[in-house]
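Since the structure comes first, as structure tokens, the remarks are kept for the end.
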Amino acid sequence: MESYKSPASSSPAPAHPTRRPPTRSSPARRSLAAAALSVLAGAAVLVPVALGAASTAAAQAAPPAGTGPIVKLWSWNWNSVARECTDVLGPAGYGAVQVSPPHDSMSKGGSVWWDIYQPARYTLTSKFGDENAFKNMIKACHDAGVKVHTDAVINHMTGQGSTSYGGYGFGKYHYPGTYSSWDFRTSPACVIDDADYKNDGWRVQNCELSGLADLDTGSEYVRNQIAGWLNKLTSLGVDGFRVDAAKHIHPDDLAAVKAKLTGSPYLHLEVIHGEGEKVQPSQYTGIADVHEFVFGRKMKEQFTGQIHWLETFGQSWGLSVPGDRAVTFVDNHDTERNGSTLNYKYGDAYRLANVFMLAWPYGTPRVYSGFTWNDKEAGPPSANGGFVTDTDCGNGRWTCFHRQMAGMAGFHRAVAGTPVADWYDNGDNVIAFSRGNKGWTAINNGGGSVTRTFTTGLPAGTYANVAGSGSVTVGANGTASVTVPARSAVAVHVGGGATPTPTASPSPTVSPGRIATSFNAGVTTSWGQNVFVVGDAAELGSWNPANAVALSSADYPVWKATVNLPAGKTIFYKYIKKNPDGSVTWESDPDRSFTTPSSGTATRNDTWR
């Protein structure tokens, strides 16, 4: 394993946004060293600590209470976002959904992802849907209690192309009805070089980013055009904007545009932090909240190393934005491709880093869901000239990762405004902490399961594990005996509901002609999976996974349930795993079978195959 980087160590220079210049073969302006530290394997070694000891975790500035986290559904079309707000985001407790840029953009026929960051004109004719679909999406999300933020690309227009998704013809520096050549900084035209970031802040904010036509945001006409576009979106119900490439716009210009906005939309700014650079996030925090890029880099350091260092996680770690002004994320559409952060391909480490983000009181967290990729430039699933097709979380083309964090979205809301307490770590890759008396979480980033008695800070009761399956029973003294499986997490909170612990009954009460049949299946699961039994009998769902009988994980790795089945009948059945993305994994053939007795009870002791 490579040597561990301490929290005080410097991070590599960041990559800047990928915006595909006309003459370059790769969209990346700067690459980052992407070598990840090896994940520590092996059984965790527990270090005894005194129960009830006060936490030494540093106090952090927390975001406003009760707002819920943001979820970024990147490159989802409007119809799919609307459905997800209704079915998932609202019920889970996500506070806002951030969607991709809704403007008409340079068209590449759906073959790339970055064409949407080259605006052609300010109309709702994007590859994600038309204006009517956009308005329907906003209504559906608002009805579900979810606010809507859009990407706002206001630093530049295109760098290439001549046709948009709306069929509009344009040329660089010439956008009929919107901008002409004098609305851009072209006298003289200059392109930002890598050296400019540390040597010349003026060029960073006044020259062309990757050859994209740089708008003269010091012009009143340009400011009015930008503000008019954003005001149109707010008039349709948009609640906030993620301002793309804000680092390349002078703070005075951004403040002037903000002053022209109607209402009070929430703004969060993309200002990439680079050590020693002339333009820094601190120059923008007086205008709006700012994206904390160091956060994701630190999550990669820790979750590919040893997470016990996270006890002191906060501003002293070189984070560039105060917690009460920061939008935090484990990855985004740029960083998942440039290697500076974890991404969905890291599996458990990625999931656990997101659990920590949603459990820890620093910034406003944003969960990222995009599409799967091997080619870093490839666009989302599309058809008919590049228009994005509806999201299908079961076809392997979309990560739908936010669904795995649905329980943690509720956790984040429940513990808002509470401090960290009851810290525990084993000096390696297991940590646990409470959030006041509202919530408690344990994260095991190691290779072996851990069972111990933890101080939770919670009132006595039984709580559902919102980071996975099963439940936690807290005693009158606030402690609980908990098993945290390898590379998994347990999170419970007040108001999160309970999963009752099944109780054995030597003489179960059943109707005449029915047999109380106990199914006990030894099944090892991954984090977020649950086990069910399904079969040919109506009581077992008639082979329909949607109607399968859920098994309890209270005695993990043995999953249990008791079902009243017809007496004297041959039953065919199988066990299935329901995965976090909604897909189903069946155990191998052949079907299992047995015949229920004419009276008494029956027991099936099985092992997954």
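Restricting to segment 236-378, what percent of DSSP beta bridges are antiparallel, rounded to 5?
Values: 0 of 10 bridges.
Bridges in segment 236-378 are about 0 percent antiparallel.
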- Burial ranking of peptide ranges 386-397, 338-349 (average Cβ count within 10 Å, highest at the top): 338-349, 386-397
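Suppose only helical runs count, i.e. DSSP H with n ≥ 4. What mean residue ellipticity at 222 nm does that imply for the chain under -39500 (n - 2.57) per run, divided by all residues and rounded to the nearest 500 deg cm²/dmol?
On the way: 10 runs with 91 residues, N = 609.
Value at 222 nm, helices only: -4000 deg cm²/dmol.
Taking neighbour counts of Cβ atoms within 10 Å as a proxy for exposure, in what order, fewest first, do Phe313, Phe411, Phe594 appear? Write down the numbers at each step before the final one.
On the way: Phe313 23, Phe411 26, Phe594 15.
Final ranking by Cβ density, sparse to dense: Phe594, Phe313, Phe411.
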- Task: At a Cα cut-off below 14 Å, give the aspartates and glutamates reachable from Lys577, other chains included and same-chain residues fewer than 8 away excluded.
- Result: Glu587
- Per q in 0.11 1/Å, what log10 I(q)/I(0) does a Debye calculation on the alpha-carbon atoms of the chain return? -1.06
- Lys438: which aspartates and glutamates have alpha carbons under 13 Å from its alpha carbon, excluding same-chain residues fewer than 8 sequence positions away? Asp422
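Set the bar at 19 Å for Cα to Cα. Now go through Lys147/Lys247; Lys247/Lys376; Lys72/Lys127 and name every pair that lies beyond it.
Details: Lys147/Lys247 25 Å; Lys247/Lys376 24 Å; Lys72/Lys127 17 Å.
Over 19 Å Cα-Cα: Lys147/Lys247; Lys247/Lys376.
Using only the Cα atoms of segment 514-607, build the gyration tensor, take square roots of its eigenvalues as a ≥ b ≥ c, and label the shape rounded, prolate or oblate: rounded if a/c is under 1.5, else prolate if a/b is larger than b/c, else oblate. Mind showing how you got there, number by number?
On the way: a/c = 2.06, a/b = 1.58, b/c = 1.30.
Prolate, because a/c is 1.5 or more and a/b exceeds b/c.
In whole Å, what three semi-axes, largest first, describe the equivalent ellipsoid of segment 420-493 built from its Cα gyration tensor (square root of 5 times each eigenvalue)? Intermediate values should be presented prior to the final figure.
Numbers: eigenvalues 66, 34, 21 Å².
Semi-axis lengths for segment 420-493 are 18, 13, 10 Å.
Filter Lys135/Lys258; Lys232/Lys298; Lys135/Lys172 down to the pairs with a C-alpha to C-alpha distance above 27 Å, please. Present the calculation step by step, with values, prior to reporting the outcome.
On the way: Lys135/Lys258 23 Å; Lys232/Lys298 38 Å; Lys135/Lys172 30 Å.
Flagged as over cut-off: Lys232/Lys298; Lys135/Lys172.
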- Note on the structure: Cβ density ranking, 10 Å radius, fewest first, applied to Arg121, Arg403 yields Arg121, Arg403
- Task: Could you line up Ser100, Ser210, Ser542, Ser219 from fewest to most neighbouring Cβ atoms inside 10 Å?
- Result: Ser542, Ser219, Ser210, Ser100
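Label segment 95-231 by shape, choosing from rounded, prolate and oblate, from the square roots a ≥ b ≥ c of the eigenvalues of the Cα gyration tensor; if a/c is under 1.5 it is rounded, and otherwise prolate applies when a/b is larger than b/c, oblate when it is not. Intermediate values should be presented prior to the final figure.
Details: a/c = 1.89, a/b = 1.60, b/c = 1.18.
Cα axes put segment 95-231 in the prolate bin.
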- Task: List the aspartates and glutamates whose Cα lies under 15 Å from the Cα of Lys278, skipping any in the same chain that are fewer than 8 positions away.
- Result: Asp193, Asp194, Asp196, Asp200
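Read-outs: derived from the displayed coordinates by stated rules, not from any lab. As the structure is a computational prediction, the values presented were derived from the model and not from experiment. Glycine also receives a Cβ, built like all others from the backbone with ideal geometry; neighbour counts cover every protein chain displayed.
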